[in-house]
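*Asks:* If you scroll down you'll find the structure; I have some questions about it.
The values are calculated or read from the model by the stated rules, or taken from the named source; none is laboratory data. Remember, it's a predicted structure, so these values are computed and weren't measured experimentally. Virtual Cβ from ideal backbone geometry, glycine too; neighbours counted across all protein chains shown.
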């Protein structure tokens, strides 16, 4: 640890549970490799992780793979029609089984051709009939939890974790209120971004619109900012504008849909944000995947009716990809550079009593969840 880091560690300002009195997380929480490793164990290996959409797993044998840090997992639809999740590793010598997405009637290891049924049981191992005391039942794939939530597929490496629907009891109802057709949506497109910042910088940025007036002129032109409010609720928070300024705005033009609103967004612990834009039914997820202490890979998956985006939805998707995301990425990368500065350690949350559109209380809520998961007290008490 450098003298600079030691000085700031000893002199941290208090991070307390009252958002109106709290300072932000110290800069080291966005840079320190040892903290990053603790986050993997304490947060990501114990939380629900977005994997994909049920429309991509419609048929028997359809599969998706995902990685949580160095843990490789796949989800497959078995012959009974259920979704099953397994660690993506052969029980013989550890070779990875599947890549990307696709369809398989039988899962065959590319190394020694051990094969597995879609329910994870070992189907065949060459020459094992000539091995004493070899029992196929001993070599089934190791399972992980799988849950479908509003058409989205989640996994959890923690076998004892409570269901996502139980942890975020009111979230499904909120999503359905702004996207009643969520069950009829299908995967349309994935956009990928490589960002030079810690994953928490990206989440912090999503959770407040204090920066919107200065950084997102088109977004402010789209939504009625006076009605924009953030509300925290357990492991998620909602960020909603009840009205759009105009269907003819500088972000994208749309015709009013069944639900009249300006923007509906949600943060779901630990690294997922959900978006619904006004107009035709749509939902997208923007997932921040940690890629080391100071890098993040973002995936944004779009779900639209029948998986085919209309011209209006294409405009919304283009606005997100061409305008809004580059604006946010530039902000977040600048913040990460600033977090390395000898002239900065912590800031103060801007939280007003009425929790207006300028309030940062949802950022404070997220940072408290981080500290709770890491079992860390920075209150100074």
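Rundown of residues vs (1) outside any strand (DSSP E or B); (2) touching a residue at least 40 places away in the same chain (Cβ under 8 Å); (3) in contact with a strand residue (DSSP E or B) (Cβ under 6 Å, 6 or more places away or on another chain), yes/no style:
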site	(1), (2), (3)
148	no, yes, no
183	yes, no, no
186	no, yes, no
191	no, yes, yes
213	yes, no, no
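*Asks:* Let me ask another. In the list 218, 258, 248, 204, which residue meets the criterion of being in a helix (DSSP H, G or I) and surrounded by fewer than 17 Cβ atoms within 10 Å (Cβ to Cβ)? Please lay out each step first, then the result.
*Replies:* Numbers: 258 fails: in a helix (DSSP H, G or I); 248 fails: in a helix (DSSP H, G or I); 204 fails: surrounded by fewer than 17 Cβ atoms within 10 Å (Cβ to Cβ).
Matching residue, one of 218, 258, 248, 204: 218.
*Asks:* When you go through (1) within 21 Å of residue 228 (Cα to Cα); (2) touching a strand residue (DSSP E or B) at 6+ places or on another chain (Cβ under 9 Å); (3) surrounded by fewer than 22 Cβ atoms within 10 Å (Cβ to Cβ) one by one for residue 284, which number turns out not to apply?
*Replies:* Status for residue 284: all satisfied but (3).
*Asks:* Right, another one. If residue 292 passes every condition in (1) touching a residue at least 40 places away in the same chain (Cβ under 8 Å); (2) more than 20 Å from the chain's Cα centre (by Cα); (3) over 23 Å from residue 237 (Cα atoms) but one, which one does it miss?
*Replies:* Every condition holds for residue 292 apart from (2).
*Asks:* Scan the range 78-116 for residues that are touching a helix residue (DSSP H, G or I) at 6+ places or on another chain (Cβ under 7 Å) and over 15 Å from residue 141 (Cβ atoms) and report the count.
*Replies:* Going through the range 78-116, the residues touching a helix residue (DSSP H, G or I) at 6+ places or on another chain (Cβ under 7 Å) turn out to be 83, 91, 101.
Applying the additional criterion that residues be over 15 Å from residue 141 (Cβ atoms) yields 101.
Of the residues in the range 78-116, 1 are touching a helix residue (DSSP H, G or I) at 6+ places or on another chain (Cβ under 7 Å) and over 15 Å from residue 141 (Cβ atoms).
*Asks:* Since residue 100 meets every condition but one in (1) surrounded by 11 or more Cβ atoms within 10 Å (Cβ to Cβ); (2) touching a strand residue (DSSP E or B) at 6+ places or on another chain (Cβ under 7 Å); (3) in contact (Cβ under 8 Å) with a residue 12 or more places away in the chain, which condition does it not meet?
*Replies:* The single condition residue 100 does not satisfy is (1).
*Asks:* Is there a residue being more than 14 Å from residue 156 (Cα to Cα) and surrounded by fewer than 16 Cβ atoms within 10 Å (Cβ to Cβ) anywhere in the range 65-72?
*Replies:* Step one: of the range 65-72, the residues more than 14 Å from residue 156 (Cα to Cα) are 70.
Within this subset, residues satisfying the condition of being surrounded by fewer than 16 Cβ atoms within 10 Å (Cβ to Cβ) are 70.
There is at least one residue in the range 65-72 that is more than 14 Å from residue 156 (Cα to Cα) and surrounded by fewer than 16 Cβ atoms within 10 Å (Cβ to Cβ).
*Asks:* Let me ask another. For residue 246, only one of the following conditions fails: (1) at pLDDT 90 or above; (2) over 21 Å from residue 40 (Cα atoms). What is its number?
*Replies:* Only one criterion is unmet by residue 246, namely (1).
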